[in-house]
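J.: Sending over a structure as structure tokens; questions will come in a sec.
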Amino acid sequence: MPTLLTADTAICADDPPWSPDEAHVAAAAFLARYSGRTLEAYRHDLRYYFQWAADQHLAVLEASRAHIEIYRSTMEQRGLAASTIDRRLSTVCGYYRFAHIDGRIASNPAQYVRRPKVEPTEQHAMDRGELGRFLFTAEHYDRAHAALAVLLGLNGLRVSEACATNIENLAFERGHRTLRIVGKGNKPAVIPLVPRTGRTIDLAIGERTAHRWVRSIGKRAGLGHVHPHMLRAAFIMAALDAGVPLRDVQLAARHADPRTTTIYDRRRQNFDRHAAYVVVAFVASG
């Protein structure tokens, strides 16, 4: 019996309400695990891959590792960024992994596909002083702006998580003020709110408003263009700079893979701890 392809899980906007194509059914089953921006990104990546397979006259569920390697090579030849290629391959690998788990294919052809090396981005991230200035400016903006700022910058929430907060999700557990959220991948979590956050959070905020508010606070603080994820990144890097063990930072950021946290660790440029200073002191004392 054909599996229903809903508007949320269909790869293409003009997909029929159901499809006998097993590859599309597998895609619907894979996409059904996600929502929001993650769903949109994965749907876009699968649409791109399905189109490539169609151009090669390749049945998606009959692809081999060599086919997927050729797909990667095609994207490299087009000059796509390594991060884009890695993201698209990650989606394809996830698709085949679950197609295999669901018994739609005998083996996973993407299991040993080579992924491109993604170098740390040069994207600007706030240092401790800039984060402090941003929070100070937000607190003198109004209470609602301050609540958003502390959720992002002091508790490291994703902007979607901060925007979905509700006063009813606040509670006290073991002496801590807590907030129940639904994280990435629809994973529920309970996070402790530091006192400063607990004093300022008082309402739920719409996501578009959040982006606009963060930009306006950044300009008022003299920090130029600031977007919500910069605050989450600042939280993670501030924790690392403060000496919090990498594993504890991973748990606080709710990263499923420690390699994700390590990216932030590589991204920070802590010149205060640069080896050159140690060498100078060592030579001078000789």
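J.: Please work out how much length the chain gains when fully extended from SER90 to ALA41, using 0.36 nm per residue of separation minus the C-alpha to C-alpha distance, in nm with one decimal.
T.: Details: separation 49, 0.36 × 49 = 17.64 nm, distance 1.13 nm.
Taking 0.36 nm per residue and subtracting the Cα distance, the gain is 16.5 nm.
J.: With a point put 7 Å past each Cα toward its Cβ, work out how far ALA81 is from ARG196 in nm, to one decimal.
T.: 3.0
J.: Residues with beta-carbon under 13 Å from that of GLY218, excluding GLY218: net charge, scoring Lys, Arg +1 and Asp, Glu -1?
T.: On the way: positive: ARG133, ARG212, ARG215, LYS219, ARG220; negative: GLU130.
Summing Lys and Arg as +1 and Asp and Glu as -1 gives +4.
J.: Leaving ligands and nucleic acids out of the surface, order LEU148, LEU61 by accessible area at 1.4 Å, largest first. List each step's numbers first, then the result.
T.: Numbers: LEU148 0, LEU61 40 Å².
Sorted by accessible area, descending: LEU61, LEU148.
J.: Sticking with this structure for a sec: Going 7 Å from the Cα of ARG180 along its beta-carbon direction, which residues of the stretch 144-172 have the amide nitrogen within less than 18 Å of the resulting point?
T.: Under 18 Å, as judged by backbone N against the label point of ARG180, lie 161-172 of the stretch 144-172.
J.: Stretch ASP102-SER285 to full length: gain in nm at 0.36 nm per residue minus the Cα-Cα span?
T.: Working: separation 183, 0.36 × 183 = 65.88 nm, distance 6.52 nm.
Value of the extension gain: 59.4 nm.
J.: Next up: Given R₀ = 22 Å, FRET efficiency for ARG65-GLU22 by Cβ-Cβ distance, to 0.05? Provide the component values of the computation, followed by the final result.
T.: Numbers: r = 20 Å, r/R0 = 0.90.
For ARG65 and GLU22, the calculated efficiency is 0.65.
J.: Put +1 on the Cβ of each Lys and Arg and -1 on the Cβ of each Asp and Glu in the stretch 81-180; which of ALA106, CYS163, GLY153 then has its Cα farthest toward the positive end of the dipole?
T.: Going by the charge dipole, the pick is ALA106.
J.: In the stretch 82-145, which GluC sites (Glu not before Pro) fall in coil by DSSP and have 12 or fewer other Cβ atoms within 10 Å? Walk me through the numbers on the way to the answer.
T.: Working: sites: GLU122, GLU130, GLU139; in loops: GLU122.
Hits after loop and neighbour filter: GLU122.
J.: What's the extension gain from ARG143 to GLN51 if we count 0.36 nm per residue and subtract their Cα-Cα distance? It would help to have the intermediate numbers written out before the result.
T.: Working: separation 92, 0.36 × 92 = 33.12 nm, distance 4.83 nm.
Difference between extended and current length: 28.3 nm.
J.: Here's a follow-up. In the stretch 130-170, what is the volume of the convex hull around the alpha carbon atoms, normalised per residue and reported in Å³? Present the calculation step by step, with values, prior to reporting the outcome.
T.: Numbers: hull volume 2.7 nm³, N = 41.
Looking at the stretch 130-170, the number lands at 65 Å³ per residue.
J.: Follow-up question, since we're still on this one. Toward the positive end of the charge dipole of the stretch 15-89, about the Cα centre and with charges on Cβ (Lys, Arg +1; Asp, Glu -1), which of VAL60, TYR48, ALA81 goes farthest?
T.: ALA81
J.: Dipole size in debye (nearest 20) for the stretch 89-151 around its Cα centre, Lys and Arg Cβ +1, Asp and Glu Cβ -1?
T.: Values: 8 positive and 7 negative charges, 88 e Å.
It comes to approximately 420 debye.
The values are calculated or read from the model by the stated rules, or taken from the named source; none is laboratory data. Since the model is a prediction, treat every value here as computed from it, not as a measurement. Cβ atoms come from the backbone with ideal geometry, glycine included; neighbour counts cover every protein chain shown. We work out accessible area using only protein heavy atoms, side chains counted, and drop any ligands, DNA or RNA first. Shrake-Rupley method; radii C 1.70, N 1.55, O 1.52, S 1.80 Å.
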